[in-house]
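Working notes, structure below.
The values are calculated or read from the model by the stated rules, or taken from the named source; none is laboratory data. Fair warning: this is a prediction, and the values are worked out from it, not measured in the lab. Here Cβ is always computed from backbone atoms with ideal geometry, including for glycine, and neighbour counts include all displayed protein chains.
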Amino acid sequence: MDLIFASRHESQPQEWVRVLQQALPSDSIRLWDPRSATGTAQAAVVWEPPAELFQREPHLKYLFNLGAGVDALLQMPDLPQDLTIVRVEDGGMADQMAEYALYYLLKESRGFGRYAEQQKQSRWHRLAATQREQWPVGVMGAGHIGARVASLFVGLNYPVAVWSRTGRAVAGAQAYGGDPSLGAFLAQTRVLINVLPLTPETQGILCQRTFEQLRPDAYLINMARGGHLIESDLLAALESGRLRGAALDAFVHEPLPVSHPFWAHPRIQLTPHAAGISLVEQTVHQIADKIRALGRREAISGVVDRTRQY
Ligand code: NAP
Ligand code: GLV
């Protein structure tokens, strides 16, 4: 297969090409450059690809996205309708994102954030023991990442609920499915963790109405997309005390503008879209397996459903 690697922002493109070539020695793999495009590529491995890719490479049949989320890709104006888009399934990100959620949950449930403050004042004061039943976790999304996040908290004996479109089960967690069950899911959640894909159905789902249905003194962890969050509703919920705090990894505008109020907010912790980063070896291994399967005319997993948009 004639395979290209195309990305506007990937920091180590040559490394991806090197590992891909190692995994697929009989395929031709090159770093795509619009100035020397041949128009012959059949498949592309991409992360935020250049806008002109689809016009310059009209024979593309498969697009392997280096991330799990395809929301930005699906908005690209020249994206051909018949192109098969394959997203990364975990790629080493699910464990990282479970760690991310655990880190921020423990800062609240175990009081590690407060201990850090106390240390600044040389203050020795032991907080009461954590009662896990007072920290029920609700995970929005039960896919590759949501299931891993939920399982971690199940293993630590927190009460866990998961909410997905179809009510997908995760062992040890209470499963909720579809919009009619969202209220019941939220009503039993204090730590709300979002790992939904961004679609027309989920856009703006982290809003005042959602926050109001959570348990009192709730905490938000958004590891998915900035478009899920109504920013003004979050600021109002923090101001009113409806939410005790939030950890945010993704934003509508990235990098987050320096003038944005989130930067200096005392109850917001933010990270630069780093909750989960696709690992080269694992991701390449997965893509190579799929390319070989396609060569044998076998079906592959991870194909994006254009109607559902994930
Ligand atoms: P996935 O395997 O496709 O899982 C998506 C889950 O969301 C599924 O459980 C699905 O329900 C559920 N869902 C979709 N639409 C829904 C709706 N309208 N209502 C309720 N549930 C809905 O995706 P994934 O690999 O876990 O990744 C999830 C997202 O995480 C990505 O799209 C991306 O935005 C984000 N992400 C962020 C980072 C980061 O570093 N910040 C890294 C990786 C991924 P069903 O199971 O019923 O289909
Ligand atoms: C990262 O945000 C991803 O979607 O993989």
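Quick notes
- Complete set of residues in the range 255-279 that are under 14 Å from M223 (Cβ atoms) and either within 11 Å of ligand 2 (Cβ to nearest atom) or part of a loop (DSSP other than H, G, I, E, B) (or both): T271, P272, H273, A274, A275, G276, I277
- Of the set (1) surrounded by 20 or more Cβ atoms within 10 Å (Cβ to Cβ); (2) more than 16 Å from ligand 2 (Cβ to nearest atom); (3) touching a residue at least 60 places away in the same chain (Cβ under 8 Å), all apply to A161 but (3).
- Figure legend. Inter-residue proximity from the range 248-266: first residues in contact (Cβ under 8 Å) with a residue 40 or more places away in the chain and among the acidic types (D, E), second residues within 15 Å of ligand 1 (Cβ to nearest atom) and part of a loop (DSSP other than H, G, I, E, B), beta-carbon distance below 7 Å, spacing 6+ or different chains. Indicated pairs: D249/M223; D249/T271; D249/H273; D249/A274; D249/A275.
Conditions tested, residue by residue: (1) in contact with a His (Cβ under 6 Å, 6 or more places away or on another chain); (2) at pLDDT 95 or above; (3) over 28 Å from R297 (Cβ atoms).
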| site | (1), (2), (3) |
| --- | --- |
| H59 | no, yes, no |
| L63 | no, yes, no |
| A68 | no, yes, no |
| R87 | no, yes, no |
| A94 | yes, yes, yes |
| Y103 | no, yes, yes |
| L106 | no, yes, yes |
| F112 | no, yes, yes |
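- Inter-residue pairs, beta-carbon under 9 Å, first at positive phi and in the range 270-282, second within 8 Å of ligand 2 (Cβ to nearest atom), 6+ apart: H273/A250
Residue-by-condition table, conditions (1) among the charged types (D, E, K, R); (2) assigned by TED's automatic domain parsing to the domain that holds A224; (3) touching a Pro at 6+ places or on another chain (Cβ under 7 Å):
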residue	(1), (2), (3)
S109	no, yes, no
Q119	no, yes, no
E133	yes, yes, yes
G143	no, yes, no
R148	yes, yes, no
G155	no, yes, no
R165	yes, yes, no
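- Considering the range 198-247, the residues that are among the hydroxyl-bearing types (S, T, Y) and within 15 Å of the chain's Cα centre (by Cα) include one that is farthest from Q134 (Cα to Cα), namely T199.
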